[in-house]
1. Would you please list the contacts, defined by Cβ atoms under 8 Å and residues six or more apart or on different chains, that run from a residue in the range 16-32 that is over 10 Å from His165 (Cβ atoms) and open to solvent by less than 30 Å² (accessible area, probe 1.4 Å) to a residue that is in a helix (DSSP H, G or I) and among the aromatic types (Phe, Trp, Tyr)?
2. Could you figure out which of (1) assigned to a helix (DSSP H, G or I); (2) open to solvent by 20 Å² or more (accessible area, probe 1.4 Å); (3) at pLDDT below 55 isn't true of Phe72?
3. Of everything in the range 172-194 that's of a type in the set (A, V, I, L, M) and more than 16 Å from Arg22 (Cα to Cα), which residue is most open to solvent (accessible area, probe 1.4 Å)?
4. Which ones in the range 229-250 are out of contact with any Phe, Trp or Tyr (no Cβ under 7 Å at 6 or more places or on another chain) and under 17 Å from Asp87 (Cβ atoms)?
5. I'd like to verify a number: residues in the range 1-32 that are under 20 Å from the mean Cα position of the chain (by Cα), at pLDDT below 90 and not in a loop (DSSP other than H, G, I, E, B), how many?
6. Filter the range 33-47 down to the residues that are in a helix (DSSP H, G or I) and open to solvent by 70 Å² or more (accessible area, probe 1.4 Å), then identify the one that is modelled with the lowest pLDDT.
7. What number of residues in the range 165-194 are under 18 Å from Leu38 (Cα atoms) and of a type in the set (D, E, K, R)?
8. Filter the range 195-246 down to residues that are among the acidic types (Asp, Glu) and over 17 Å from His161 (Cα atoms) and give me whichever is most open to solvent (accessible area, probe 1.4 Å).
Amino acid sequence: MCRYCVEYGNGTKWYLNPDNYRKELLAEPGHKEGFEGLMGVNRNIYEWGGCDQLDDMLTDIKVMGPSLNPHFEAVHQHAGQVIPLEDAIKIIEIAPGERMFLQHCGCRRYIGHTDFLGCMFFDTAMDKTLEERPWEKDSKILTKQEAIDYEKEVDKMGLVHSIFHVGVSEKGAAPLTLCHCNESTCEGAKVRVYYGGNTYRKGEYVAKVDRDKCQGCKTAPCMKRCNFGGLTYDVLGNVVNVNIMRCFGCGLCRRACPNGALSLVDRLSYPALADEW
């Protein structure tokens with residue numbers, strides 16, 4: 001398990017620990033700043049103010065040290081981890097309340113290519129947004145079953161599931177939103193994959209190929225689904241290989257394989273990945 005899970009998981013993955021979803025945790029120092037900024041009236045300034053300058057700030061992003069730009073202060077408070085569909089559904093099931101709140105993806109709206117309802121917030125956070133940002137008329141309140149159906153649909157589309165928190169402290173890690181995006185548009189993923197930042201962590205799993213089932217499809221649908229360059233084609237063996245150092249464990253490749261040759265295994269089943277998050 002990753003460091004988050006060891007410190008905040010209480011025997012399970014940090015994002016499956018119900019204790020981290022306590023509403024009162026969002027009011028604690030180390031969490032309140034991110035919660036107030038991301039869910040309140042100043043969200044656009046807090047989180048996306050520096051996005052248009054992203055490419056000019058690579059050094060700051062990579063080092064992730066103290067910054068004079070409030071955008072990077074937000075990054076310190078807001079970090080994510082890739083999860084597969086199964087864990088996204090489990091998160092919805094254990095989250096408090098009966099509602100989920102679907103909003104536009106800020107990354108896509110401000111630095112992406114296509115606007116999309118891609119950020120799903122928990123019941124513990126949605127009332128603040130409904131009160132402070134009433135102009136966002138296109139947000140949707142979902143039942144938990146509707147939220148689960150949404151997760152299945154975006155998985156078919158090929159969007160990566162990830163869970164984002166608002167800070168960690170001795171009292172816990174507070175999940176705030178389920179994100180559904182890809183590495184070319186999601187700010188957290190882009191900073192990690194392209195620039196080497198630490199705002200987006202690999203999942204608890206890694207893909208594995210059953211070489212007996214893999215038929216080496218010439219169209220390589222599994223490779224097209226991979227956002228992280230984790231799959232390569234072995235011409236001589238006529239099979240797909242997993243680069244375990246690049247795989248983020250999202251599991252999207254599995255659905256694309258017509259022969260069921262791809263699966264997810266615990267990342268720590270490979271000793272070389274013990275510190276690769």
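The values are calculated or read from the model by the stated rules, or taken from the named source; none is laboratory data. Small disclaimer: the values here were computed from a predicted structure and weren't measured. FYI the Cβ positions are ideal-geometry reconstructions off the backbone, even for glycines, and counts take in every protein chain you see. Please note that ligands, DNA and RNA were not included when accessible areas were found on the heavy atoms of the full protein model with its side chains. Shrake-Rupley method; radii C 1.70, N 1.55, O 1.52, S 1.80 Å.
1. Hits for this filter: Asn17/Tyr8; Leu26/Phe35.
2. Failed condition: (2).
3. The initial filter retains those residues of the range 172-194 that are of a type in the set (A, V, I, L, M), namely 173-174, 176, 178, 189, 191, 193.
Filter again for more than 16 Å from Arg22 (Cα to Cα), leaving 178, 189, 191, 193.
On the way: Leu178: 1, Ala189: 1, Val191: 9, Val193: 55 Å².
For the range 172-194, the residue satisfying everything is Val193.
4. Cys250
5. Matching residues across the range 1-32 total 6.
6. Among those that are in a helix (DSSP H, G or I) and open to solvent by 70 Å² or more (accessible area, probe 1.4 Å), it is Ile45.
7. 1
8. Restricting to residues being among the acidic types (Asp, Glu) and over 17 Å from His161 (Cα atoms), the top hit is Asp212.
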